[in-house]
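Participant: Got a structure here, written out as structure tokens. Questions coming.
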Amino acid sequence: AIIFRLNSVERDFAFKTNLAAEVRDICAEQDWTFENCAYGSTPYASWARLFEHDALKDAIARVRKHNMSYVVWGSSTGWLVYFASLTFGVPSTGIEILQTLHDTATRVLDDEVPSKYQSASFRNEEMLSSSLESVGIVLLTSCCWDESVHEAACKRLAKDLLVGS
């Protein structure tokens, strides 16, 4: 149901229009390129292949053992958050600055996942000021980020992320 809903949203004209307007405004406000807010979705099979690597298998085991969480910076409509939450059953949080994307992720969560099974959560906030407490994995959706944004994210993680994360 989650995949169906997210696919449906991606085809919705009103969603695309609202997102384009918000991207235009935030890019002007932050002096970012439009590419910084590029929207795309990752197929589950591609994401799952990442977690076939030993380092990520170990990271998931550590997250489970120490009751840590998986966080996505630039979580968009929540695809990558839902993947981790439903595949591994670990607390998974999406951090997204764009309200349109955040609202979609939370609406799908509320509508499609019974509250007792919700290990996913979403926050509409700037990633550079988001909490990294008890975070064991941070996934960056940084392929299109402006270099200054990418560098700031890397600096923040190097400074504040727990050793071994």
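We did not get these values from a lab; they are worked out from the coordinates using the rules stated. The structure presented is a predicted model; accordingly, all values stated were derived computationally and were not measured. Positions of Cβ are generated from backbone atoms using ideal geometry, with glycine treated the same way; all protein chains shown enter the neighbour counts.
Participant: Within the set of pairs 6 or more residues apart or between chains, which connect a residue that is among the charged types (D, E, K, R) inside the range 6-28 to a residue that is assigned to a helix (DSSP H, G or I) with Cβ atoms less than 8 Å apart?
Facilitator: Sorted first by the residue in the range 6-28, then by its partner, the pairs are E22/Q99; E22/T100; R24/F34.
Participant: Which residue, of K16, K57, is surrounded by 11 or more Cβ atoms within 10 Å (Cβ to Cβ), within 20 Å of P91 (Cα to Cα) and basic (K, R)?
Facilitator: K57
Participant: With respect to S119, determine if the residue is over 21 Å from S46 (Cα atoms) and either touching a Lys or Arg at 6+ places or on another chain (Cβ under 7 Å) or not aromatic (F, W, Y) (or both).
Facilitator: yes
Participant: In the range 152-165, how many are among the aliphatic types (A, V, I, L, M), assigned to a helix (DSSP H, G or I) and surrounded by 14 or more Cβ atoms within 10 Å (Cβ to Cβ)?
Facilitator: Residues in the range 152-165 being among the aliphatic types (A, V, I, L, M), assigned to a helix (DSSP H, G or I) and surrounded by 14 or more Cβ atoms within 10 Å (Cβ to Cβ): 3 in total.
Participant: I would also like to ask the following. Applying the selection to the range 34-68, what residues are out of contact with any helix residue (DSSP H, G or I) (no Cβ under 7 Å at 6 or more places or on another chain) and among the polar types (S, T, N, Q)?
Facilitator: Answer for the range 34-68, where residues must be out of contact with any helix residue (DSSP H, G or I) (no Cβ under 7 Å at 6 or more places or on another chain) and among the polar types (S, T, N, Q): S46, N67.
Participant: Among the residues of the range 64-80, is any aromatic (F, W, Y) and over 27 Å from E151 (Cβ atoms)?
Facilitator: No: zero hits.
Participant: Do you know which of the residues in the range 70-97 that are polar (S, T, N, Q) and over 29 Å from W32 (Cα atoms) is surrounded by the most Cβ atoms within 10 Å (Cβ to Cβ)?
Facilitator: Going through the qualifying residues, I end up with S85.
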